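Have a look at the structure below, then the notes.
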Amino acid sequence: MKSRGLAALRASEKLTRFEFDRRDLQAHDVAIDIAFAGICHSDIHQAREEWGPALFPMVPGHEIAGTVTAIGSAVTKFSIGDSIGVGVFIDSCRTCASCLAGLQQYCETGMTGTYNTLERDGTTVAFGGYSNNFVINEDYAVHIPSNLPLSGVAPLLCAGITLYSPLKTWRAGPGMRVGVMGLGGLGHMGVKFAHAMGAEVTVFSHSPEKEADALAMGANHFVMTKDPLSLKPLRKAFDLILNTVSADIDINLYLEMLKLDGTLVVIGLPGKPYAVNVGALLDGRRRIAGSMIGGIPEIQEMLDFCGAHSIVSDVEVINADYVNTAYERTVASDVKYRFVIDATTF
Ligand code: NAP
Ligand code: ZN
Ligand code: ZN
């Protein structure tokens, strides 16, 4: 299948228009006409090789929302015309304990990413969602509720599930104090979900101009982090803190804010190790944990939750030619709150 999109040809270069082929439809595949593709900060980390050597040419994009245009002969999960979503992985081993539990993101042999990797045949380059179409095995795609706009849904496929999953794992709900570090693409979804689940939500941000938006999204409190003194009164105040910051920061300030048995979940992946003050862990039996996206059943659950609560991402819809500017603005924390590419402009 012929595809048009955008690719990074090398880590040091801007994304450029790119034409390529996708595999022909196999029995369990569906073909997708992409409507919108979100820009995740992970796209930028990878296109710039901030996580180590990458595979070029790279077509980034793992927040994909579109419509099914064709189905393979054995497909049962989707019909032509269905709204469909694809996230951060397109395949996994299907047989390990994680895969059998529906936690494909933690596949023991490694999930197959949506781009910047080879497919499981070991030879086909996986090209991502910054393009006009897509082909995927039906088991690795999800249904989009009909009441939600596809532009606001696209970011749910990564940013949404990545915050929904830890909030469910650590049982966010009424009576719980949840902190969200960084009001970006991920963080703003964390605020919306934690609020919808009934938790008391505090945003930690280094961008004072985001306060009104944070409160409108459901945050109860907004704390400016540029002045470390503002964090002092919040010592031992939180049950759960979700760190979505994409940059290298001092997480020890936030450990101090956890209550007894509180957990700091690391979600942002700046590419550099964090230094941890072990004393802050010992005091209060605090924990540091990690969390990575979510599996197919949980992505579907998250989308159904969004349908029921009318939750979507706040997006700035852009044309393909704006992507390099959008990358710069994302790195500068200047996006409200996710860039989404209109795929008709590829
Ligand atoms: P984003 O939209 O750029 O948001 C990151 C936010 O971090 C910014 O909006 C900003 O929030 C804050 N920030 C940025 N630079 C900062 C600095 N120098 N000091 C303090 N705060 C800073 O990025 P994203 O797409 O949400 O992704 C966030 C991170 O999560 C990335 O590292 C990404 O790779 C990672 N990620 C992880 C997973 C996973 O499964 N664990 C999935 C997707 C992405 P304020 O302006 O409010 O301060
Ligand atoms: Zn992502
Ligand atoms: Zn597996």
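The values are calculated or read from the model by the stated rules, or taken from the named source; none is laboratory data. All values reported here derive from a predicted model rather than from experimental measurement. Backbone-built Cβ (ideal geometry, glycine too); neighbour counts: all protein chains shown. Just so you know, the surface numbers come from the protein's heavy atoms only, side chains and all, with ligands and any DNA or RNA stripped out. Shrake-Rupley method; radii C 1.70, N 1.55, O 1.52, S 1.80 Å.
General observations
- Residue that is least open to solvent (accessible area, probe 1.4 Å), among those in the range 282-293 that are on the phi < 0 side of the Ramachandran plot and within 16 Å of ligand 2 (Cβ to nearest atom): 291
- Just one of the numbered conditions (1) part of a loop (DSSP other than H, G, I, E, B); (2) among the hydroxyl-bearing types (Ser, Thr, Tyr); (3) open to solvent by 40 Å² or more (accessible area, probe 1.4 Å); (4) at pLDDT 95 or above is not true of residue 344: (1).
- Residue count for the range 6-64, restricted to those that are in a loop (DSSP other than H, G, I, E, B) and either buried (at least 19 other Cβ atoms within 10 Å of the Cβ) or away from ligand 1 (no atom under 16 Å from the Cβ) (or both): 25
- Reported count of residues in the range 78-95, each being within 25 Å of residue 116 (Cα to Cα), open to solvent by less than 10 Å² (accessible area, probe 1.4 Å), outside any strand (DSSP E or B) and away from ligand 2 (no atom under 16 Å from the Cβ), is 1.
- Where residue 177 falls short, out of the listed (1) over 20 Å from residue 261 (Cβ atoms); (2) open to solvent by 10 Å² or more (accessible area, probe 1.4 Å); (3) of a type outside the set (Ser, Thr, Tyr): (1)
Let's see how each residue does on (1) under 23 Å from residue 191 (Cα atoms); (2) out of contact with any His (no Cβ under 6 Å at 6 or more places or on another chain); (3) crowded, with 21+ Cβ neighbours inside 10 Å:
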{"position": "122", "(1), (2), (3)": "no, yes, no"}
{"position": "125", "(1), (2), (3)": "no, yes, no"}
{"position": "131", "(1), (2), (3)": "no, yes, yes"}
{"position": "143", "(1), (2), (3)": "no, yes, no"}
{"position": "151", "(1), (2), (3)": "yes, yes, no"}
{"position": "156", "(1), (2), (3)": "yes, yes, yes"}
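- Hits in the range 255-266 (condition: open to solvent by 20 Å² or more (accessible area, probe 1.4 Å) and in contact with a helix residue (DSSP H, G or I) (Cβ under 9 Å, 6 or more places away or on another chain)): 256
- Residue in the range 270-281 that is modelled with pLDDT under 95, open to solvent by 10 Å² or more (accessible area, probe 1.4 Å), within 15 Å of ligand 1 (Cβ to nearest atom) and touching a strand residue (DSSP E or B) at 6+ places or on another chain (Cβ under 9 Å) present: yes
- Counted residues, the range 96-129 - those being farther than 20 Å from residue 290 by Cα, within 16 Å of ligand 2 (Cβ to nearest atom) and polar (S, T, N, Q): 3
- Of the residues making up the range 208-221, those that are buried (at least 19 other Cβ atoms within 10 Å of the Cβ) and of a type outside the set (D, E, K, R) are 214, 217, 219.
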